[in-house]
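What follows is one structure encoded as structure tokens, with my remarks underneath.
The values are calculated or read from the model by the stated rules, or taken from the named source; none is laboratory data. The shown structure was predicted, so the numbers you read here are calculated from the model rather than taken from an experiment. Note that each Cβ is placed from the backbone with ideal geometry, even for glycine, and that neighbours are counted across all protein chains shown.
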Amino acid sequence: MKNHFDGADAAGNTMDDVIQNLSFSSPTSAVSEEETRILTEYIAQKNLFKITSLDESRRKPLVLKQFFKMKRNQQVIVSSMIGKESHVTTEGKVATIGRDFVMLTDLKKRIWIPYTAIQSATIPYGFPTYSNTHQHFIYDNNLQQKLVLQFGETVAKKDVLIRQFFEESLQTNLHFWKGIWIEVTTADNIFFGKITSVTKADLILRLPKKKESVIPLNEICYVSTIGMILLWKKVLKSWLKID
């Protein structure tokens with residue numbers, strides 16, 4: 001028996017033409033779009049605080065994650081602790097929201113901060129708060145349709161979509177940046193080197209003269225990329241110490 005979808009229909013349309021011309025169903029809400037957005041955010045926030053009230057251990061990561069999602073691609077100020085005494089304030093644009101970390105960017109570097117090290121997060125004084133967190137994205141006009149009809153294929157082609165739909169851990173995100181030079185701060189030490197590998201438990205950095213540093217992921221408080229000038233200073237200093 002011939003497949004109903006083989007060839008073209010009476011109008012000469014193939015199956016690919018039919019898929020491309022599929023329209024979306026009617027709106028999922030009987031109210032206006034702005035009211036639907038407000039209601040959706042309200043429900044999400046109610047669910048968030050319901051979960052955190054039942055499990056206090058999940059409050060901090062869930063609240064921070066939700067805050068950063070609301071400020072995606074916007075400027076924020078993050079206060080974090082390194083050890084018990086050192087306090088660090090970081091300002092940057094929210095680039096990646098992970099399962100257990102946030103990555104900020106500024107004009108010079110990328111910064112990874114685990115949620116466990118964050119004390120508070122807010123927006124800079126005088127900066128506007130946007131209701132649309134995607135105002136900096138240039139969208140493909142057919143992106144929504146592609147996500148509905150070909151989700152896996154569409155997301156797999158774009159790293160930005162992978163990070164948006166599948167929350168990465170600090171381990172998997174650092175593995176993606178394998179080969180770059182970074183500075184890692186723990187409660188007791190500061191390390192620098194090139195990322196060579198990341199296991200489930202450790203971050204491994206390569207230093208000059210093939211020396212390696214193995215840093216437990218659960219001890220990391222702060223990670224940042226290193227500019228070229230600072231990198232050469234650190235490499236030279238390291239070589240002089242070795243010699």
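Checked against the criterion of being at pLDDT below 95, part of a strand (DSSP E or B) and not assigned by TED's automatic domain parsing to the domain that holds residue 214, region 157-172 contains not a single residue that satisfies it.
Residue 74 meets the conditions (1) surrounded by fewer than 17 Cβ atoms within 10 Å (Cβ to Cβ); (2) at pLDDT 90 or above in every case but one. The failed one is (1).
When we screen 200, 178 for residues that are over 17 Å from the mean Cα position of the chain (by Cα) and not assigned by TED's automatic domain parsing to the domain that holds residue 112, the only hit is 200.
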